[in-house]
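This report concerns only the one structure given below.
Taken together, the values in this text are just the output of simple stated rules run on the coordinates, not laboratory data. Remember, predicted model here, so these are calculated numbers, not experimental data. Virtual Cβ from ideal backbone geometry, glycine too; neighbours counted across all protein chains shown.
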Amino acid sequence: MSGFVLAAELNETALSIFAVVIAITLIITYWASKRMTGASQFYAAGRGVTGPQNGFAIAGDYMSAASFLGIAGLIFLFGFDGFLYSVGFLVAFLTVLFLLSERMRNAGKFTIADVLSFRLNERPARAAAALGTLSVAGFYLIAQMVGAGVLIQALVGIDFNLSVLITGAFMLVYVVFGGMLATTYVQIVKAILLMTATIVLSIFVLETVGFNPVELFNRAQAESPAGDAYLKPGLFLSSPIDTVSLGIALVLGTAGLPHILMRFFTVPDAKAARSSVVWAVALIGAFYIMTTFLGFGARAVLGTAGEEAAGTGGNLAAPLLAEELGGGSGTFGGDLFLAVIAAVAFATILAVVAGLVLSASAAMSHDVWSNIVRRDKEVSEKEEVYVARIAAVSIGAIAIFVAILGGEGLNISFMVGLAFAVAASANFPALLLALTWRRFNTTGAVTGVLVGTISSIVLVIISPTVWPGADAEGGALGFYDLANPGIISVPLGFLGCWLGTVLTRQEGKAERNFDELYVRSETGLGAEVAEEGGGLTQRKPGRAPASAM
Amino acid sequence: MAESQGVSGGVEQNPEIDWEAAERSPEFRALIAKRRSFVLPATIFFLAWYFGFIILAGYAEDFMGESIYQGLTVGYGLALTQFIMVWVLGAVYLRKADRDFDPLARKAAARALEVGRERAGDGAPPSGGRSERGETPPGGEEVPR
């Protein structure tokens with residue numbers, strides 16, 4: 001991070017818009033806390049969230065500041081390559097839709113581990129799933145916290161450490177007091193704010209080129225020192241094999257992100273689960289197409305002169321563009337636009353980190369505490385929710401601590417890459433095989449998750465992103481220079497699952513229970529039913545899925 | 001296996017249902033066959049289209065940079081086809097699920113419950129062993145998909 005500051009002093013307009021956003025989210029949280037009745041409300045909003053609502057919430061959970069500011073920045077700096085990320089992030093939802101969303105809803109309760117432990121030996125299966133969830137959520141959370149600190153410091157003029165603390169504090173208020181209900185609403189509000197801001201900015205950008213996107217590409221190219229190469233791949237991702245490797249992690253990783261999968265437990269049935277995915281891709285797809293207008297627009301409007309001001313990774317390109325389109329620095333319109341974008345970015349970060357902390361705390365309380373540590377005792381819902389709140393505060397505190405310790409220099413992109421790599425290499429193979437492969441057993445799940453997690457971490461640590469070698473050309477090991485581990489770690493994760501399974505004896509129980517899990521996940525028979533009065537709006541009771549009798 | 005009280009454990013068990021019989025019932029096999037006949041080719045198609053695009057982006061930079069229309073490049077155009085693919089496949093899946101998969105899923109579920117009730121009436125214990133497993137109807141092997 002360059003430590004570049006857009007707001008040399010406290011930006012008061014931005015602060016007051018922040019205050020409005022925060023006030024709205026706190027009112028939501030207060031309302032949600034009044035309706036907090038038990039574990040199903042805390043983890044799953046009473047399973048009463050509708051398909052469209054969940055679609056907005058998934059979009060709100062998924063479109064992080066990294067995609068809003070990061071991808072616009074990458075496109076601004078490197079042209080076409082930035083768009084490759086958007087494509088991968090979007091196509092990934094087909095993996096979720098076809099393979100997991102309905103099955104998760106039908107077979108799961110609160111966490112990924114519920115699905116694994118249904119047919120496998122409970123303790124090891126839950127421990128493995130919790131490890132996968134906590135690693136992904138942890139890496140992603142730290143990346144988001146550092147990003148939050150850097151952005152708020154740059155946009156509003158609040159010091160980095162204080163920015164991280166503020167973000168962490170609000171995130172914890174939503175989760176601890178409002179649980180999934182408040183988190184869902186915060187994500188919906190954020191999705192609406194972000195979409196609106198992006199649409200408005202896109203219209204302003206397109207207006208400068210007479211609403212002709214092709215003209216925008218030409219102007220952007222003309223403003224780039226890279227010339228022709230700007231509209232071609234290869235400026236940012238120079239190694240083809242690395243590009244493919246990134247693609248693998250993106251397209252399979254989303255299907256292993258615990259905070260996204262957890263959202264499928266909040267809807268009443270499989271039908272709502274699949275419609276929420278389609279709502280989400282409609283929103284997310286439109287959003288990513290518009291980020292290209294922002295990225296190319298920033299290049300066309302700001303030109304080469306904007307590069308330094310946009311900072312490392314071009315993260316500030318979109319806010320700078322907003323300022324320029326509003327009338328420029330120092331004008332009323334410019335300040336206002338900048339302030340609005342800053343507030344939207346802040347809301348964006350809050351919604352994502354809240355979802356992450358919630359999924360991590362569910363893994364700690366529902367999996368580790370209730371079903372591993374206190375397995376032999378009867379754990380009341382009250383105790384479990386209490387533990388979940390303590391876990392949320394602890395996880396939040398650790399993330400704040402690490403973010404501040406690592407400081408603004410912490411490499412965010414490697415943490416995000418790591419989160420997606422672990423999700424694709426550990427969580428995704430284990431989940432998919434548990435739902436579809438009869439012979440799969442506990443050892444296979446444990447080895448798969450361990451191999452996927454460890455190989456991702458090791459490969460990222462020795463990669464050139466983290467550890468430039470002695471000659472600063474390759475990675476720590478001369479022969480290994482992949483920045484993205486997916487092409488190796490995903491097959492290793494599957495291989496781990498397979499080897500662990502075939503090298504150990506068949507588990508009669510795992511295979512017998514497979515019949516039940518298989519029938520349940522495909523038909524919705526015996527699936528968890530929505531609570532009366534659950535969800536965001538009061539609904540009539542008894543809307544159970546037709547097939548669950 | 002997971003106990004069903006409190007919050008611990010996975011989803012509640014339904015002891016009255018013979019899951020093995022349900023899994024082998026023609027209704028369930030019909031559901032699986034129908035769903036697989038869409039999901040498997042659709043998954044292969046979208047992965048192929050996506051990785052084709054990614055591989056071109058990695059290995060055919062100049063081709064991707066060629067202009068199709070004024071400044072619109074092959075790369076950007078192909079990227080847009082990915083968006084269209086996601087939206088179209090998503091919509092088609094929703095339609096097929098509502099029209100084809102859901103009715104079959106309801107039938108399979110009803111069948112499983114029916115068999116469960118019959119057995120409870122006979123007083124016959126649900127079969128627990130896996131010995132009869134060789135008789136899976138064609139197409140009944142569980143391929144990860």
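Results, tabulated for the structure shown:
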read-out	value
Other-chain or far-sequence residues with amide H under 5 Å of residue A:327's (modelled H)	A:334
Cα long-axis angle, helix A:442-461 against chain A (0 to 90 degrees, to the nearest 10)	20 degrees
Paramagnetic label zone (point 7 Å from Cα along Cα-to-C-beta, residue B:100; backbone N under 12 Å) in region A:76-109	none
Near-label residues of region A:223-252 by backbone N, under 17 Å of a point 7 Å along Cα→Cβ of residue A:214	A:231
Surrounding net charge for residue A:236, when Lys and Arg each add one and Asp and Glu each subtract one, Cβ distance under 15 Å	-2
Amide hydrogen neighbours beyond the local backbone of residue A:484, cut-off 5 Å, H modeled	none
Burial ordering of A:162, A:492, A:151, fewest other beta-carbon atoms within 10 Å first	A:162, A:492, A:151
Residue-span extension gain [residue A:502 to residue A:480] - 0.36 nm each, minus C-alpha spacing	4.9 nm
Rounded tilt (10° steps) of A:332-362 against the dominant C-alpha axis of chain A	20 degrees
Cross-link reach list, lysines versus residue A:271, counting only Cα pairs under 24 Å and skipping chain neighbours closer than eight places	A:109, A:540, B:34, B:96, B:107
Neighbour net charge for residue A:150 - beta-carbon separation under 12 angstrom, K R +1, D E -1	-2
Using θ = phi - 60° and Karplus 6.51 cos²θ - 1.76 cosθ + 1.60, couplings along region A:262-271 (whole Hz; Gly, Pro as x)	4, 4, 6, 7, 8, 9, x, 7, 4, 4
Peptide B:22-32, shielding by other chains (average Cβ, 10 Å cutoff)	3
On Cα atoms only, tilt of A:240-253 relative to the major axis of chain A in degrees	50 degrees
In sequence order, calculated HN-Hα J values of region A:137-149 (Karplus, 6.51, -1.76, 1.60; Hz; x Gly/Pro)	4, x, 4, 5, 5, 4, 4, 5, 5, 5, x, 4, x
Pair residue A:398, residue A:236: separation of 7 Å Cα→Cβ label points (nm)	3.0 nm
Residues A:228, A:242, A:376 arranged by fewest to most Cβ contacts within 10 Å	A:376, A:228, A:242
A:170, A:139 arranged by Cβ crowding within 10 Å, fewest neighbours leading	A:170, A:139
Mean residue ellipticity (222 nm) of chain A, computed from DSSP H runs ≥ 4 via -39,500 (n - 2.57), nearest 500	-22000 deg cm²/dmol
Distance between modelled label sites at residue B:44 and residue B:92, nm, 7 Å Cα→Cβ extension	1.4 nm
Residues whose placed amide H lies under 5 Å from that of residue B:72, excluding near-sequence neighbours	none
Approximate spin-label separation residue A:378-residue A:36, in nm, with each point projected 7 Å along Cα-to-Cβ	2.5 nm
Within 10 Å of each Cβ in A:77-89, the average number of Cβ atoms from other chains	3
